1. Examine the stretch 48-59 for a residue that is on the phi < 0 side of the Ramachandran plot, part of a helix (DSSP H, G or I) and of a type in the set (K, R), and state whether such a residue exists.
2. Count, please, the residues in the stretch 46-81 that happen to be surrounded by 11 or more Cβ atoms within 10 Å (Cβ to Cβ), modelled with pLDDT under 65 and either among the small types (G, A, S) or in contact with a Lys or Arg (Cβ under 9 Å, 6 or more places away or on another chain) (or both).
3. For residues that are surrounded by 14 or more Cβ atoms within 10 Å (Cβ to Cβ) and either free of Cβ contacts under 8 Å to residues at least 12 places away in the same chain or assigned to a helix (DSSP H, G or I) (or both), tally how many sit in the stretch 25-45.
4. How do the pairs read when you match residues in the stretch 52-73 that are within 15 Å of L40 (Cβ to Cβ) with residues anywhere that are surrounded by 11 or more Cβ atoms within 10 Å (Cβ to Cβ) and modelled with pLDDT under 80, using Cβ under 6 Å and keeping only pairs 6 or more apart or on different chains?
Amino acid sequence: MGTLSPILEPTFSVAEVERATGINRQSIYRAVRRGELVALRVNGSSRGMRFELSALEDWKRSIRTQGSTSESPRQGTTSEA
């Protein structure tokens with residue numbers, strides 16, 4: 001029998017993730033298709049897609065580890081000394 005976490009995590013819609021991160025909707029869907037971001041699908045539909053906080057944190061960590069990616073909202077910015 002599989003194990004389930006006894007604590008439910010908050011989940012977020014695509015629109016909520018987009019507003020909170022500044023990452024556009026297309027990049028979020030692309031990350032899901034590529035397997036970079038884990039999504040929960042309500043009724044098997046992408047319209048009901050939800051994201052657990054831990055999945056978003058993992059994705060954010062992987063973006064930082066990879067450096068600049070197309071999903072990074074800060075891509076192309078430079079800092080001047």
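1. No.
2. Residues in the stretch 46-81 being surrounded by 11 or more Cβ atoms within 10 Å (Cβ to Cβ), modelled with pLDDT under 65 and either among the small types (G, A, S) or in contact with a Lys or Arg (Cβ under 9 Å, 6 or more places away or on another chain) (or both): 4 in total.
3. The initial filter retains those residues of the stretch 25-45 that are surrounded by 14 or more Cβ atoms within 10 Å (Cβ to Cβ), namely 27-32, 36-39.
Subsequent filtering for residues that are either free of Cβ contacts under 8 Å to residues at least 12 places away in the same chain or assigned to a helix (DSSP H, G or I) (or both) retains 27-32.
The total comes to 6.
4. Going by the 6 Å Cβ cut-off, there are no qualifying pairs.
The values are calculated or read from the model by the stated rules, or taken from the named source; none is laboratory data. In this text the structure is predicted, and so the values were computed from the model without any measurement. A quick note on method: Cβ atoms are made from the backbone with ideal geometry, for glycine too, and the neighbour counts reach across all protein chains shown.
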